[in-house]
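No value in this document is a laboratory result; all are computed from the given coordinates. Note that the structure is predicted; figures quoted are calculated from it, not measured. All Cβ positions, glycine included, derive from the backbone under ideal geometry; neighbour counts span all protein chains shown.
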Amino acid sequence: MIAKRKRHCFIKFLGVFSAQFEKEVTVFNHEKNENKTWKVTLQEANVLDPARIAAFIKGQEAELPRDVLQALDVALRSQLTLR
């Protein structure tokens with residue numbers, strides 16, 4: 001079941017889009033026997049530096065870079081769902 005609320009995705013993927021990318025996606029609903037179209041917008045929210053994790057492990061950064069870890073978690077989980 002697909003949720004009917006607006007979804008936001010804030011992942012920059014190897015320069016596929018610049019500041020914003022918009023696309024319409026159409027999905028067939030088998031229960032209602034009709035197509036449903038959504039407007040999907042990907043927007044850059046932040047640029048993260050993964051090297052901050054290594055700096056934290058080496059003791060060069062005092063605070064745990066939670067934003068980088070959260071983005072890594074989202075990226076890795078999304079790859080698992082594609083398999």
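Please work out the FRET efficiency for the pair A19 and L69, using the Cβ-Cβ distance as r and a Förster radius of 22 Å; give the result to the nearest 0.05.
Rounded to the nearest 0.05, the efficiency is 0.35.
At a Förster radius of 22 Å, what calculated FRET efficiency corresponds to the Cβ-Cβ distance of T81 and V40, to the nearest 0.05?
0.85
Answer rounded, prolate or oblate for segment 26-67, using the Cα gyration tensor with square roots of eigenvalues a ≥ b ≥ c: rounded when a/c is under 1.5, else prolate when a/b is larger than b/c, else oblate.
Prolate is the answer for segment 26-67, as a/c is 1.5 or above and a/b outweighs b/c.
Provide the gained length on full extension for the span N33 to E61, in nm with one decimal, where the gain is 0.36 nm per separating residue minus the Cα-Cα distance.
4.6 nm
Could you pull out every residue, at least 5 positions away or on a different chain, whose amide H is within less than 5 Å of the one on E61? Hs are placed 1.01 Å off N in the peptide plane, and Pro or chain starts have none.
Amide H to amide H, under 5 Å and 5 or more residues apart or across chains, E61 pairs with F56.
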